[in-house]
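Reading through the structure tokens given below for one structure.
Where a number appears in this text, it was derived from the coordinates with a stated rule and is not lab data. Because the structure is predicted, anything quoted here is derived from the model rather than measured. As a convention, Cβ positions derive from the backbone with ideal geometry for all residues, glycine included, and neighbour counts pool all protein chains shown.
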Amino acid sequence: MLAIFLSLSLANERITFDDKCAPHFTESQIKVSAPSVREGLAEWTSTARGCEMIRRFDTREYDITVVENALEDSTGQAPPPGIAMLAAAADHTKQKRYDLILNPSFKRTTETLVFHDEPNTPAQLMAAAWAAEMLHIDFYSRGISLPHHSRADFQREWRELARQLGFPRLEHDDGDTPRLPPSRRVIFWR
């Protein structure tokens, strides 16, 4: 199990980003984290929306703890915070703490053809997971709790994130309302 501390640090060391939002990792960060997690972070932060989100959360107001852990049928998860933290969203003097779980061991469970505009490498899956779970945290930081998958603004923001990553058809939902065949969906949160 690996702990990453966002605002942003990995292995208890701050991750530095250059002016284009590319992350730079220390030797110990490289040693203790999965390559796909680092590569996925770099892919996600290379997008306009990913860079914008990193810049927004890179303050003392936010403490996002990211853990690598195996999850059942999921690339990641961002559990909702408590009601007190949601209520404090507009109070910029209070620190907000969020959890984010990434599953770099996730594998597609079907042998069906993967289209060129779907994530099919571990790094691409982790890039989509970073984007999906940070979108949840973005909503939490605005005081918006679950359920929010069905919200038009959530789906609009997700479609833009997925488009910027190069996966315009990738859906993000809770898995309860299938719109595409299961082989075409990746469930990011349950």
Query raised in the report: Got a sec? How would VAL66, VAL32, VAL37 order by Cβ neighbour count within 10 Å, fewest to most?
Result: VAL32, VAL37, VAL66
Query raised in the report: Counting DSSP beta bridges in the stretch 29-113, what percent are antiparallel, to the nearest 5?
Result: 20 percent
Requested in this report: Just rank LEU71, LEU146, fewest to most, by other beta-carbon atoms within 10 angstrom.
Outcome: LEU146, LEU71
